[in-house]
1. How big is the shadow of the Cα convex hull of region B:2-150, averaged over all directions, in nm²?
2. Rounded to the nearest 500 deg cm²/dmol, what is the calculated helix-only ellipticity per residue at 222 nm for chain A, with -39500 (n - 2.57) per DSSP H run of length n ≥ 4?
3. Calculate the FRET efficiency for B:THR124 and A:ASN100 from the Cβ-Cβ distance with a Förster distance of 60 Å, rounded to the nearest 0.05.
4. Considering every residue in B:248-258, what mean count of other chain Cβ atoms within 10 Å of its Cβ is obtained?
5. Along its three principal axes, how long is the protein assembly as shown when you only count alpha carbons? Whole Å, largest extent first please.
6. Bin all alpha-carbon pair distances of region A:2-133 at 5 Å intervals from 0 and give each bin's fraction as a whole percent.
7. Quick one: B:ILE8, B:ILE146, fewest Cβ neighbours within 10 Å first, how do they rank?
8. Over the whole of B:236-245, what's the average partner chain Cβ count within 10 Å per residue? Rounded to a whole number, please.
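Coordinate-derived values only; no laboratory data. Because the structure is predicted, anything quoted here is derived from the model rather than measured. Every residue, glycine as well, gets a Cβ built from its backbone with ideal geometry; the counts of neighbours run over all protein chains shown.
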Amino acid sequence: MSVQKREVLPVKNSNDVVLARQKVRQLAVELRFSLVDQTKLVTAASELARNALDHGKGGSMTVEVIVNGARSGLKMVFEDQGPGIANIEDALKDGFTTGNGMGLGLGGSKRLVNDFSIETEVGKGTRITAVRWK
Amino acid sequence: MNDLAEIISQNEDRLRTEWIRTMSSSVERADLISKAEMNEQCGSILKEIVEGVKTSGPENLSGAGWNGTRELLSSISASRARQGFSPTDVATFVLSLKQPLFVLIRDKMGKSPDQLFETVWSSTRLLDSLALITTEAYTATREELIMRQQQELLELSTPVVKLWDGILALPIIGTLDSARTQVVMESLLQAVVATNSRYAIIDITGVPTVDTLVAQHLLKTITAARLMGAECIISGVRPQIAQTIVHLGINLEDVITKAKLSDAFGLALQRSGRAVVKTAAAAAANPLSGLFGKREE
């Protein structure tokens, strides 16, 4: 698996969430994802970036264009140094929220992409990786 | 340290001419500012610098003696920011004073190297600080401009239009962040009261992404409108948005949604007991069609 392009964007305020969305949309268009897939990617990016901002007190987003053999895809990594997630199973459950959102962001994003993984340590931070293949 | 003030004030005319010449060779913006205006600005800045060096010395730029210079430079760079100068143009304006000033200092103090170095060093620090002031003022003006445009955009982007008696439409265009949603919600609820409307159509054709936050904002708006006795219909749900909403698991079952604004309008008309009927007399009602008919004969 090789990385063809990598960009790192800060996620420090709600404007950054908009910029993160735009960057993901731009790369998805460059990769010629279908309109539905573009929208799924952008929506997942929006959810995860806002999670990093609201729950992780801000962090960063790394987007990569990756190629695995004949397949290409978009990989998004969201990192924050926030409080971490105590129970990943609960966090992924629909309707579970520690804030005042709908509690669908994390589980929903997982359904919007192909590969999804969460690495977290309480008190240290969280890193969420989401990949969608073409 | 009043040597510097003396040098400047004694050779003001020469310095100003040289300054303008240096400036024109690096950045000539005759399209944006006239020679006479430039001449006047340079003259008054030199006077203020002399005043500042005399009263507060060249090091202490926050001193009262420099107030005049700071104000003048700030207002000049602010007006330049609005005129369309680039940041480089604005910084170069002050920095291009260096060369003529240094030449002048060398002419006067060439015989004593220590004094020469001292004076050049203090004047270069002075001019650098002045350049920073101009850059700061320039950025501040630009930021002010951006803030104002954001405000204007906020107001522009939320028109509530009346489609029929008792039927409102709110076409939302762009990103729905918290600040905008607040404006959207307020203007819709106010329009519901003002026009006594029973139906409100929220059109999201122009919203690029519908994530959980946007959905939550929409649901809140709909609930609030319902409390006031108005039924909301969401229109402009594009195929990709519909699929994304399904994957996200957002429940919009309690909300009436339509793919097109025209469908939503049709439903609202129907619910309020109205119907759009096609009449055969349409052709006759159009005076132009009669006109063309005659011409054919």
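1. 8.7 nm²
2. Rounded to the nearest 500, the figure is -11500 deg cm²/dmol.
3. 0.60
4. Average per residue, whole number: 3.
5. Sorted largest first, the three principal extents are 96, 77, 47 Å.
6. P(r) for region A:2-133, in whole percents per bin: 2, 11, 22, 25, 20, 11, 6, 2, 0.
7. B:ILE146, B:ILE8
8. Numbers: counts 0, 0, 3, 3, 9, 3, 2, 7, 10, 3.
Per residue, the number of nearby Cβ atoms from other chains is 4 on average.
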